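Written out below as structure tokens is the structure these notes cover.
Rule-based calculations on the coordinates, nothing more; no lab input. None of the values given here were measured: they were computed from a predicted structure. Reconstructed Cβ throughout: ideal geometry from the backbone, glycine too, with neighbour counts over all protein chains shown.
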Amino acid sequence: MRTGLLGGAFNPVHRGHLAMAVHAQEALALDRILFLPSGDRPPHKAGADLAPAHHRLAMVECAIADAPTFTATDMETAAPGTSYTVDTIRALRRTVRGELWFLIGLDAFLEMAGWKSVETLVSSTNVLVQSRPPARFSQAASLPFLPAPPAGHLAQLDDGTRRRVELRTGAGTVITLLRMPPCPVSASAVRARLREGTDVADWLPSPVHSYILRHRLYGAR
């Protein structure tokens with residue numbers, strides 16, 4: 001059994017998140033993907049635009065309702081206080097059989113040096129890093145926890161002449177860097193469009209948009 005773990009604020013979940021999950025599933029032959037919305041006090045994202053955790057979890061459930069291999073979990077939304085990825089993965093290790101892959105966009109991966117116990121995290125689970133313009137893979141060369149890639153491979157990921165690079169950590173886990181088709185959507189841009197009352201049909205699954213309007217989230221109109 002191969003399980004992918006896709007965490008994040010999902011504020012709101014959008015088509016970019018779903019595309020990331022689909023590409024990860026295809027690239028790694030994942031049997032299932034667990035969507036893990038953060039709680040009300042995420043360590044790396046905060047602000048007045050953050051919808052309550054129970055709404056973000058419900059929106060994820062709406063978005064993946066027709067995908068039998070995608071499941072939402074309330075591990076972090078139901079947890080008191082701040083949840084950290086390394087602790088969540090440690091807890092999942094006690095219940096999930098087989099391979100576990102942590103899925104993350106390149107923009108967030110570049111910030112992981114500031115995460116809690118990042119060395120423990122990458123030594124306890126495999127990691128799939130997916131391209132997220134304008135972030136560039138070559139920026140990852142200075143990350144202290146990233147095994148040194150072969151010369152030129154990061155630049156080749158950036159210019160499109162290479163699609164995938166696999167790096168093995170000292171603990172035997174794998175960090176896979178994957179170039180995927182660009183997706184222009186972002187949660188902040190979705191929220192801006194919702195406030196403006198402009199079209200979001202290309203960016204949001206219809207059930208998620210309906211949920212947002214029904215619960216009057218993000219100042220949508």
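Assorted remarks:
- Spherically averaged projected area of the range 96-174 from its Cα convex hull (nm²): 5.4
- Scaling against 2.2 N^0.38 Å puts the C-alpha radius of gyration of the chain at 1.00.
- The ranking of H14, H23 by Cβ neighbour count inside 10 Å, starting from the fewest, reads H23, H14.
- When you work out D = kT/(6 pi eta Rh) for the range 86-133 at 10 °C and 1.306 mPa s, using the Kirkwood radius from C-alpha pairs as Rh and the Stokes-Einstein form, the result is 139 µm²/s.
- Note on the range 2-215: antiparallel DSSP beta bridges, both residues inside, total approximately 20 percent of the bridges counted.
- The range 43-123 - convex hull of alpha carbons, volume per residue in Å³: 134
- In this structure the amide hydrogen of A72, modeled in the peptide plane, comes within under 5 Å of the amide hydrogens of F35, none closer than 5 places in sequence on its chain.
- In plain terms, the residue of T69, T173 with the fewest other Cβ atoms within 10 Å comes first and the most crowded comes last, giving T69, T173.
- Ascending count of other beta-carbon atoms within 10 Å, so fewest first, for L50, L57: L50, L57
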